[in-house]
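Notes to accompany the following structure.
The numbers here are math on the coordinates, done by the rules we state, and not lab data. The shown structure was predicted, so the numbers you read here are calculated from the model rather than taken from an experiment. Positions of Cβ are backbone-derived with ideal geometry, glycine not excepted, and every protein chain shown enters the neighbour counts.
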Amino acid sequence: MTEVSSLDSILAGTVTCHTQEDLARKLKEGRPLRVKLGVDPSSPDLHVGHSVQLRYLRRLQDLGHLAVLIVGDATAMVGDPTGKNATRPQLTRDEVDAHAETYLAQAGLILDMKQVEVVRNSSWFDHMGFMDAVRLCGSMTVARMLERDTFSERHKAGVPISMHEFLYPLMQARDSVEVRADIEIGGTDQTFNLLVGRELMRDAEQAPQVCITLPLLPGLDGVQKMSKSLGNAIGLTDPPRDLFGKAMSVPDALMPDYFRLATDLSEEEILKWLEGSPREAKGALALALTRLYHGEAAAKSASEEFDRIFRDKGLPDEIEESSLPPEMLVDGQGVWLVKALQRVGLVSSASEARRLIKGGGVRVDDQRVSDEQQHLAGGGTYVIQVGKRKFHRVVVP
């Protein structure tokens, strides 16, 4: 078990380890370590930001350690306050269960699920009574909770903190006790929660877990942490053309992070691309990411289509087509473009359609539209483009 016992192989690519001494001590035992990763199914999909931790966990699997994946169906109903300046909405059980199904399927794109211990934390929290929760709260002081940046900043600013938010770090820590974690991994924003796990494990007379933090991958806006709710994410199951196109919009300054944290390219390959033109480097990044989740053929096709659309001003190979119903026709004018955009699902509302048209984000037959009152004449077929990647062929009766 030489690889399993290598401290350097485990620490490569990490930000912090609390503590290396504890990790070295556990490795000397010569057994596979139980490596915990908690994932709250708070939305339906995983994105490339999640892949940083999942890819690290897969690396530890390949070194011979056991991945313990906590599906936080109970904690998701509380909501992680990390980085939030307001109380998070609480999810229902049905919402959480639906999200959990897709999470596990998508985690399987990276992890060897045959070698994963999957546990839902509702399996212990659902059986805890009120007094059990009181005793759990008794393991932490308010002063200690306020050491956490999220809470201290909101407290100083006079922003309300609900009592249930204090429960979240304690619940995540209790997960570690229940699964007897040797290591817990998380993003750098999870440091406080991970360390609380060490404290609760000591209280339970268990050897405290080693807390390993990993870098956070900024979203496509280049500022905030990647998040579907912020609209700055690349989904693991985005269609190949969408995944490729989003990757092509990664800010130049973030390309080194995306290459190193989210792809399988070697350092030698990464340096080669980064030393060349940004456009070619971004193409290599997009190709590598799309290949990871959709395979070589789909990645190559997405790359060719992207070049045809944006370099050669062509159209995608496949464009969804819809025929509009006759009742949408306005006498003498045709179909109002705003309503057509809604009807075929290119926008979610009339106000979004108007905003996009005003901003120059809508084209009809490759001609930019600026008039909110634009109509599509009857008896014609039109290719509508919204933004850079959305196309739809519309048949007007």
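A few notes on this one:
- Dipole check for the chain: with +1 at the C-beta of Lys and Arg, -1 at the C-beta of Asp and Glu, and the Cα centre as origin, the magnitude is about 560 Debye.
- For THR19 and SER139, the FRET efficiency from 1/(1 + (r/R0)^6), where r spans their Cβ atoms and R0 equals 30 Å, is about 0.90.
- The chain - share of DSSP beta bridges that are antiparallel (%, nearest 5): 50 percent
- Adding -39500 (n - 2.57) for every DSSP H run of four residues or longer, then dividing by how many residues the chain holds, sets the calculated 222 nm ellipticity at -12000 deg cm²/dmol.
- Here the extension length gained between ASP307 and ASP62 equals 84.5 nm, from 0.36 nm per residue of separation less the Cα-Cα distance.
- Cleavage-rule hits, trypsin sites (Lys or Arg not before Pro), region 282-362, DSSP coil, Cβ neighbours within 10 Å at most 15: LYS313
- Pairwise label distance in nanometres, SER277 with SER348, each label 7 Å out on the Cα-Cβ vector: 3.7 nm
- Here's the picture: charge each Lys and Arg Cβ at +1 and each Asp and Glu Cβ at -1 in the chain, and of TYR382, GLY334, PRO44 the one pushed furthest to the positive end of that dipole is GLY334.
- Inverse of mean 1/r across different Cα pairs in the chain, Kirkwood, Å: 23.8 Å
- Alpha-carbon centroid distance for the pair region 211-250 / region 329-397, whole angstrom: 28 Å
- Share of Cα-Cα pairs in region 7-214 lying beyond 29 Å, as whole percent: 22 percent
- Between GLU318 and ARG260, the modelled labels are 3.8 nm apart [label points 7 Å from Cα along Cα→Cβ].
- Normalised by residue number, the volume inside the convex hull of the Cα atoms of region 321-395 is 80 Å³ per residue.
- Distance in nm between pseudo-label sites at THR102 and ARG202 (7 Å out along the Cβ direction from Cα): 4.1 nm
- Calculated from backbone phi, Karplus (6.51, -1.76, 1.60) coupling profile of region 209-217 in Hz, x at Gly/Pro: 5, 7, 9, 10, 9, 10, x, 8, 9
- Residue-span extension gain [HIS164 to GLU117] - 0.36 nm each, minus C-alpha spacing: 14.1 nm
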